[in-house]
1. In segment 247-268, which residues are within 16 Å of the ligand (Cβ to nearest atom) and touching a residue at least 60 places away in the same chain (Cβ under 8 Å)?
2. Suppose the filter is at positive phi, at pLDDT 95 or above and open to solvent by less than 70 Å² (accessible area, probe 1.4 Å); does GLY251 pass it?
3. Take segment 311-341 and flag every residue that is surrounded by fewer than 21 Cβ atoms within 10 Å (Cβ to Cβ) and under 19 Å from ARG237 (Cα atoms).
4. For segment 314-324, does any single residue satisfy the condition of being on the phi > 0 side of the Ramachandran plot and out of contact with any helix residue (DSSP H, G or I) (no Cβ under 9 Å at 6 or more places or on another chain)?
5. Return only the number of the condition from (1) within 11 Å of the ligand (Cβ to nearest atom); (2) free of Cβ contacts under 8 Å to residues at least 24 places away in the same chain; (3) open to solvent by less than 10 Å² (accessible area, probe 1.4 Å) that ALA227 does not satisfy.
6. Which one of LYS235, LYS244 is under 21 Å from ARG308 (Cβ atoms), free of Cβ contacts under 8 Å to residues at least 40 places away in the same chain and of a type in the set (Lys, Arg)?
7. Condition first: in contact with a Phe, Trp or Tyr (Cβ under 7 Å, 6 or more places away or on another chain) and more than 12 Å from the ligand (Cβ to nearest atom). Now tell me which residues in segment 270-297 satisfy that.
8. Would you mind stating whether ALA295 is aliphatic (A, V, I, L, M) and either within 28 Å of SER113 (Cβ to Cβ) or out of contact with any helix residue (DSSP H, G or I) (no Cβ under 9 Å at 6 or more places or on another chain) (or both)?
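The values are calculated or read from the model by the stated rules, or taken from the named source; none is laboratory data. Values in this document were obtained by computation on a predicted structure and should not be read as measured data. Glycine gets a Cβ as well: all are built from the backbone with ideal geometry, and neighbour counts include every protein chain shown. These accessible areas exclude ligands, DNA and RNA; they are computed on the full protein's heavy atoms, side chains included. Shrake-Rupley method; radii C 1.70, N 1.55, O 1.52, S 1.80 Å.
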Amino acid sequence: MSHALSDAPASSGALASVMTLEQFILDRRDRFPQSTRAFARLLRDVSVAAKIINHNIRRAGILDVMGETGTVNVQDEKQKKLDEIADRELERALRRGGECCLIGSEEQPETVSLSPHGNFQERFAVFFDPLDGSSNTDVNASVGTIFSVYTLPEDIDEEDSLDVTLRPGAEQVAAGYVAYGSSTMFVFTTGNGVNGFTLDPGIGEFLLTHPDLQIPQERAMYSINEADIEDFSPKLRAFLQWLKTKDPDTGARIRARYIGSFVSDFHRNLLTGGLYMYPARTNYPNGKLRLMYEANPMAFLVEQAGGRASTGHQRVLDLQPEGVHQRTPLFIGSAPLVEAAEAYLQDREEEVPRVA
Ligand code: P6P
């Protein structure tokens, strides 16, 4: 559902009825952690970085920011120029905003303290994947930014900050993503539902267009890289066979969509219903997606939208992280599809209805 702004002439004042991201937060002060203003400023800082990243992505070929930096990141993945830019802009915005005391980034080997002299007076720690699916930028396909927010306990100091911040995803106070697609959307939760905002480049504001998102239960789409089928376990292959079964009554068949950007596949499945999978496989025995800044934030969002996120054997949000860059297998999306995957992977396939 979105506001019918496209056909309203600007002079009609139609924009006056539209909610900006900052106004939304301030109007719902009862729903946000900590002091609303501090949290509103933190989200503002993330949204400012998102607008700058969006500005670079939309002009990548012109600004000569395509291609690789020639270095590899801590994941031993070739770093793209836009990875570096996105990482720099998020750190810069959070450092400038002053609400965040510690960051953990896919592009940086260790967590970074943003508090001068290590005195963590500010309470928020933010983990992020600055540019998910960045290999898509050179071919004009969708990419995204993912962020996860924790509050730090009152009595911590710099030495013990890392293990103090590595807490299960169930303790996040906020999570969200920016999808740089055909439009640029900012989607987040603080544990009171999921709301989506679309960037109006004309006024530089994220405007509420997708209030109270709930993931459909339909078995509309599935996302997995089936080129890896020979790496998949027999149980996973059996599940995929079930997933592709035509509905005996309607003849309807699930569609396959795999963009190469988790944010983009997740966002589409959130709106249409569906399932994203990145299982453990030969090259990634613990899966490929990172727990702290990919799986946990999206798991928080999908559960708030009525969906489910699992490793195939347990709830993602219950995992106790051991490191900033820890990976996890991931099955995330409409609950009936995730539950069916779990049943197959746990030898309980007799519990799965013939068609979801
Ligand atoms: P593969 C991007 O690198 C990413 O982390 C996700 O965004 C994406 O879904 C996946 O990896 C793609 O990985 O192995 O299928 O190329």
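1. ILE259, GLY260, SER261, PHE262, VAL263, SER264, PHE266, HIS267
2. Here the answer is no, as GLY251 does not meet what is asked.
3. Across segment 311-341, the qualifying residues are HIS313, PRO336, GLU339.
4. Looking through segment 314-324, none of the residues is on the phi > 0 side of the Ramachandran plot and out of contact with any helix residue (DSSP H, G or I) (no Cβ under 9 Å at 6 or more places or on another chain).
5. Tallying (1) within 11 Å of the ligand (Cβ to nearest atom); (2) free of Cβ contacts under 8 Å to residues at least 24 places away in the same chain; (3) open to solvent by less than 10 Å² (accessible area, probe 1.4 Å), ALA227 fails exactly one: (3).
6. Checking each option against the conditions leaves just LYS244.
7. Result: GLY274, LEU275, MET292, PRO297.
8. yes
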